[in-house]
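A short write-up of the structure that comes next.
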Amino acid sequence: MSFLVIPYLKVQAANFQSNGLLMGGAPLMATAMFSHNLARQIDADIEGFYYIHHDMQRLGGLAYGRFTPAQRRGAVFIGKNDYSSKNKYALSLQPTASCHLLVSLVIEFNEKRFDLDTFVQILKRSKFAGGQITEFGQLKEFNEADEALKHISSGFLVQDRHDLLEKYQLAYQVNRLQAFTQLLAHRPTAKDAPPALELLPDESLAWLSATTMGYALLEPETFDRTGIRHADDQEQTAHAYAEPLTGLIQYISLNQVLDDYASERPLHWNNLDELKWSYHWQQQDIFLLQQNSN
C-alpha cells in the first residue's frame, strides 16, 4: 500500500450545494469520485482516503443570519430561452451555490510505488467538486497513514457521526429526522438550546455538519434511456434515477488525533483506519461512503 499526499489543494468556485437540501459540509462524494478518477488514470485501485479541511469561503451575502448564494449569468448564447424574460439583452441567471476550498487529501492506493510527476500533470487539468484547481503543494508519497497525516500536521479530519445520531434518537425518544435537525441546530451558548449534554455527557456536539454520503437507486437500471451524458455507447450504458443519502459528520482536530494516536494509552484512536473513508455498494441499490469504524 502507498499513501499519496496532496497538500493544500486550492479550489476556485467549487460546488457548495451537496444535494437539493444541503449547502456546505465537506464534499466527501466529490472527493471519492476525484480519488477514483486518479486511480483509473494510473490503472490502480484505491483503498480509501482522508479528507482534511483547512478553509471554506462561501460565495454570497450574509444578512440577518441568512446566507444568500451569489448567482452567475450564462456566459454564452445557446438558445433564445437563455435570455432573461424581462430583459432581452441579458442572459438568464444560473441558480448555483459556490465556494472556494482549501483542503488536503491523503489517498491510499493499492500500488506500492507511483510516479508523482504523473499525478502533478493530472491535477493540473482536473477539477475538484466542480471547481477549478488553481494551486497545490508538493506531492509526497508515504508508506504509513500516520506519516502522511503528520506531513500535513494541521487542519480538521472529518468523522462519520451516524453513531451520535442514533444515540441522540434513543436518548430523547425522537425520530431520525428530528434527531438530525436538532443536533445541527444545537448551539451550546444559546439559552434555548436543547439540553443534549445532559443525556449525552460524554459526547461533544461542536463542529457538527451534514453532507451527502451516497445515493439510493429509485428504479432498476435500464439501458433504454437515451440522452445520457458522457456515454460512449448509450445502448450499453446503464442509467437509473437516484436520490442522495445525507449523513451527519463532525470536524475533529488533526493535531489532537495524532497526539492521541501517538500516546502510550490512546483514548480514542487506536487505529487511524477508523477515520479513513471508503466507498462501496452496500447492497444492490445503495452506494455508500463509510469509515472503517462503522
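Note on the stretch 93-118: residues that are farther than 14 Å from His54 by Cα, outside any helix (DSSP H, G or I) and open to solvent by 50 Å² or more (accessible area, probe 1.4 Å) amount to 8. Taken together, the residues in the stretch 238-292 that are touching a helix residue (DSSP H, G or I) at 6+ places or on another chain (Cβ under 7 Å), open to solvent by 70 Å² or more (accessible area, probe 1.4 Å) and either touching a residue at least 12 places away in the same chain (Cβ under 8 Å) or part of a strand (DSSP E or B) (or both) amount to 2. Take Tyr8 and decide whether it is at positive phi, open to solvent by 30 Å² or more (accessible area, probe 1.4 Å), hydroxyl-bearing (Ser, Thr, Tyr) and touching a residue at least 40 places away in the same chain (Cβ under 8 Å). The answer is yes for Tyr8. Each residue in the stretch 48-70 was checked for being touching a Ser or Thr at 6+ places or on another chain (Cβ under 7 Å) and closer than 30 Å to Lys276 by Cβ, and 5 of them qualify. Residues that are over 16 Å from His100 (Cα atoms), surrounded by 13 or more Cβ atoms within 10 Å (Cβ to Cβ) and of a type outside the set (A, V, I, L, M) within the stretch 119-135 comprise just one, Phe119.
The condition (being of a type in the set (Gly, Ala, Ser), crowded, with 16+ Cβ neighbours inside 10 Å and under 12 Å from the mean Cα position of the chain (by Cα)) is satisfied by just one residue among Ser18, Ser2: Ser18. When the stretch 21-42 is limited to residues that are of a type outside the set (Lys, Arg), open to solvent by 60 Å² or more (accessible area, probe 1.4 Å) and part of a helix (DSSP H, G or I), the one that is nearest to Leu288 (Cα to Cα) turns out to be Met33. Here the condition is being surrounded by 20 or more Cβ atoms within 10 Å (Cβ to Cβ) and in contact (Cβ under 8 Å) with a residue 40 or more places away in the chain; of Leu164, Leu184, it holds for Leu164 alone.
Please tell me if Gln234 is in contact with a Leu (Cβ under 9 Å, 6 or more places away or on another chain) and at pLDDT below 95. No: the conditions fail for Gln234.
The values are calculated or read from the model by the stated rules, or taken from the named source; none is laboratory data. Every value quoted in this text rests on a predicted model; they were computed, and no experiment measured them. FYI the Cβ positions are ideal-geometry reconstructions off the backbone, even for glycines, and counts take in every protein chain you see. Surface accessibility is based on the protein's heavy atoms, side chains included, excluding ligands, DNA and RNA. Shrake-Rupley method; radii C 1.70, N 1.55, O 1.52, S 1.80 Å.
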